[in-house]
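Student: Just dropping this structure here.
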Amino acid sequence: MTKWHIFDSRKEMVQALKTATTEALIEGMLKKGRASWAVSGGTTPTPFFEAMRDVQLDWARVQIALVDERWVNPGHARSNETSVKSVLCKNMSAKARFIGMKTPHETPQEAEVFVNERYGTIELPFDSILLGMGPDAHTASFFPGAEGLGRALDPSCGKVCVALHALKSDVTGDELNRMSLSAAAIIAAKNVALMITGREKKKVLDEALQGARSTPVGRLAQLKPFDIYWAP
Ligand SMILES: O=C(O)[C@H](O)[C@@H](O)[C@H](O)[C@H](O)COP(=O)(O)O
């Protein structure tokens, strides 16, 4: 079952998620010597990343990877790698090893094998995964109607990272080529948190969990119960 953690303020939400994520990373380090954390792009995680980057941890033993990426080069205005690194990989957490998804290959389909090799150097399964959600009920790069969605959500797909091609919408913008963690990689993770804010997204998620199971986030929730962090 998914579990809702509902807060009166975003500040309280960030504090609670910071505690839970820090505990998950410490547990990973204690058990395996290294910890792994996969994070999403978007605007919602910014205050959380600002809080995490000042946590006193042995960050040199932490691997920070992306949950998903638009197929654009680092430095591009829409690159998740660039936006995440610019906020998260600073201060204390600058010592963490960052693993992005983009390769020089023209398409994510051509790159998939290489991205999987790169992610093969990570201490898997992830100790913690941070998911976001869009107003279209996508999470990771599981966009409604995307080419490759069935495979991405197949728990037996056998890949950590999968290429997808989204249908153009207001949410996707022009960047339709995508790389994403597979549902299988998310299912294997020890802790999965989905952070959203605002009443609109709460309604979308409520509906996805209650009835509209055909939405990507609803389908993922059936495969892997996750913790939902919500504040207005
Ligand atoms: O790769 C992407 O397209 C974005 O990272 C995207 O998946 C984002 O996480 C959600 O749309 C939530 O975005 P906001 O947090 O900005 O609402």
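The values are calculated or read from the model by the stated rules, or taken from the named source; none is laboratory data. Since this is a predicted model, take the numbers as computed values, not measurements. Every residue, glycine among them, receives a Cβ derived from its backbone with ideal geometry; neighbour counts consider all protein chains shown.
Student: List every residue pair whose Cβ atoms lie under 7 Å apart, where the two residues are 6 or more positions apart in sequence or sit on different chains, the first residue falls within the range 192-212 and is within 11 Å of W4 (Cα to Cα) and aromatic (F, W, Y), and the second residue, located anywhere, is more than 12 Å from the ligand (Cβ to nearest atom) and not in a strand (DSSP E or B).
Tutor: Close Cβ pairs satisfying both conditions: none exist.
Student: For I187, only one of the following conditions fails: (1) among the β-branched types (V, I, T); (2) in a helix (DSSP H, G or I); (3) touching a strand residue (DSSP E or B) at 6+ places or on another chain (Cβ under 9 Å). What is its number?
Tutor: Exception for I187: condition (3).
Student: Kindly indicate which of A137, A152, A166 is touching a Pro at 6+ places or on another chain (Cβ under 8 Å) and farther than 16 Å from K3 by Cβ. Even if it seems obvious, please write down each step before you answer.
Tutor: Values: A152 fails: touching a Pro at 6+ places or on another chain (Cβ under 8 Å); A166 fails: touching a Pro at 6+ places or on another chain (Cβ under 8 Å).
When all the criteria are applied, what remains is A137.
Student: Kindly evaluate V67 against the criterion of being buried (at least 17 other Cβ atoms within 10 Å of the Cβ), within 16 Å of the ligand (Cβ to nearest atom) and at pLDDT 95 or above. Working first, answer last.
Tutor: Values: buried (at least 17 other Cβ atoms within 10 Å of the Cβ): yes; within 16 Å of the ligand (Cβ to nearest atom): yes; at pLDDT 95 or above: yes.
The answer is yes for V67.
Student: If we keep just the residues of the range 27-44 that are within 16 Å of the ligand (Cβ to nearest atom) and farther than 15 Å from A96 by Cβ, which is surrounded by the most Cβ atoms within 10 Å (Cβ to Cβ)?
Tutor: Filtering the range 27-44 down to residues within 16 Å of the ligand (Cβ to nearest atom) leaves 37-44.
Subset that is farther than 15 Å from A96 by Cβ: 40-44.
On the way: S40: 22, G41: 19, G42: 18, T43: 9, T44: 20.
Checked the range 27-44; the qualifying residue surrounded by the most Cβ atoms within 10 Å (Cβ to Cβ) is S40.
Student: Looking only at the range 115-127, decide whether some residue is within 13 Å of the ligand (Cβ to nearest atom) and of a type in the set (A, V, I, L, M).
Tutor: Within the range 115-127, the first condition is being within 13 Å of the ligand (Cβ to nearest atom), and the residues that meet it are none.
Looking through the range 115-127, none of the residues is within 13 Å of the ligand (Cβ to nearest atom) and of a type in the set (A, V, I, L, M).
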